[in-house]
Amino acid sequence: MDWLQVVMLAVVQGLTEFLPISSSAHLILVPVLTPWDDQGLAFDVALHLGSLAAVVLYFRKAIWQMITSALAAVRGERVDDDARLGFWVILATIPVCVIGFLTRDLIADQMRSTLIIGISLIGFGLLLGYVDWRKGGERSEYQLRLKDVLIIGGAQVLALIPGTSRSGITITAALMVGMSREGAARFSFLLSIPVIVLAGGLEVLGIIREPEEIEWMAMVVGTLLSGISAYLCIHYFLVVIKKLGMQPFVIYRVLLGVWLLWFFHG
């Protein structure tokens with residue numbers, strides 16, 4: 001890997017992991033649109049580690065409160081809002097983990113195409129735009145109900161389709177059940193933590209089964225750049241959606257999807 005490839009992949013991963021524009025779509029497109037070879041599983045793990053570190057660092061206080069409150073609830077003490085939120089994150093993660101494990105070979109072999117990515121970018125992007133335009137919810141992540149969590153967790157399964165965007169579809173579902181834009185985004189970011197951990201674990205297993213040569217300096221730099229760009233992305237995304245909503249990201253998704261369909265299938 002040359003350094004331009006390292007920097008580009010790290011920044012793309014960091015920015016798109018949490019924006020509702022599909023990180024998988026962009027990481028698939030990089031090798032398609034450039035002469036670079038596939039970066040390999042080890043580097044993918046490094047990039048995801050950077051994104052994971054960023055979201056954990058950004059929400060460290062909320063995460064710590066969820067953990068301590070959840071442990072207190074397990075010991076039989078009162079279940080407060082923080083403990084409940086921790087339980088909701090776990091519950092909403094179960095569907096995508098189960099379905100993802102059962103369909104991982106199908107998705108990897110048959111669904112990572114520019115046609116599916118383009119259609120998903122446009123279709124789910126328009127859905128996000130419509131829901132953001134029509135809904136005016138005010139509830140935060142601490143005001144979720146069981147029904148809401150089941151809907152958001154079920155919607156997260158759709159993120160297994162390349163081009164959908166995990167953050168995009170969970171924010172869409174959260175807006176549909178009456179959450180505010182900021183609350184929907186924060187809950188989506190918290191949901192990313194167990195998903196990234198489990199997805200990274202599967203990639204590590206792949207590395208163990210088929211060892212590959214590791215470029216340690218590239219991995220360190222990639223992890224740092226991915227983490228920095230992801231942290232900044234989280235912060236400024238929450239600022240942007242408060243002022244502009246989701247429409248700028250919807251426009252980007254539609255334009256990118258149309259270009260992909262025209263360029264590869266026109």
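Of note:
- Only Lys, Arg (+1) and Asp, Glu (-1) charged, at Cβ; the chain dipole about Cα centre in debye: 1220
- Based on protein heavy atoms only, region 33-182 ends up with 50 Å² per residue of surface accessible to a 1.4 Å probe.
- A Gaussian network model of the chain, with springs between Cα atoms under 10 Å, assigns the largest mean-square fluctuation among Glu210, Glu182, Glu141 to Glu210.
- Think of the chain as having a plus end and a minus end, set by charges on the Cβ of Lys, Arg, Asp and Glu; of Ile107, Gln13, Leu190, Leu190 sits farthest toward the positive end of this dipole.
- Whole-percent carbon and sulfur share, accessible surface of the chain, 1.4 Å: 69
- When each full DSSP H helix of the chain is screened for a Cα extent of at least 20 Å along its own axis and an average Kyte-Doolittle hydropathy of at least -1.0, the helices passing are 41-58, 60-74, 81-106, 114-134, 181-209, 216-244, 247-265.
- Springs join every pair of Cα atoms under 10 Å in this Gaussian network model of the chain, and among His48, His26, His235 the largest mean-square fluctuation is at His235.
- Counting only Cβ charges, +1 for Lys and Arg and -1 for Asp and Glu, the dipole size of region 78-140 around its Cα centre is about 120 debye.
- Here the contact order of the chain, divided by its residue count and restricted to Cα pairs under 8 Å and six or more residues apart, works out to 37 percent.
- Using a cutoff of 8 angstrom between alpha carbon atoms and counting only pairs six or more residues apart, the relative contact order for region 138-206 works out to 35 percent.
- Of all stretches in the chain that contain no trypsin sites (Lys or Arg not before Pro) in a DSSP loop with at most 11 other Cβ atoms within 10 Å, the longest one is 79-266.
- Residue-averaged [θ]222 nm for the chain, counting only DSSP H segments that reach four residues, each worth -39500 (n - 2.57): -26000 deg cm²/dmol
- Separation of region 180-257 from region 23-100 is 9 Å, based on Cα centroids.
- Dipole magnitude for region 141-212: computed about the Cα centre from +1 point charges on Lys and Arg Cβ and -1 point charges on Asp and Glu Cβ, it is near 300 debye.
The values are calculated or read from the model by the stated rules, or taken from the named source; none is laboratory data. Since the model is a prediction, treat every value here as computed from it, not as a measurement. Backbone-built Cβ (ideal geometry, glycine too); neighbour counts: all protein chains shown. In case anyone asks, the SASA skips ligands and DNA or RNA and just uses the protein heavy atoms, side chains included. Shrake-Rupley method; radii C 1.70, N 1.55, O 1.52, S 1.80 Å.
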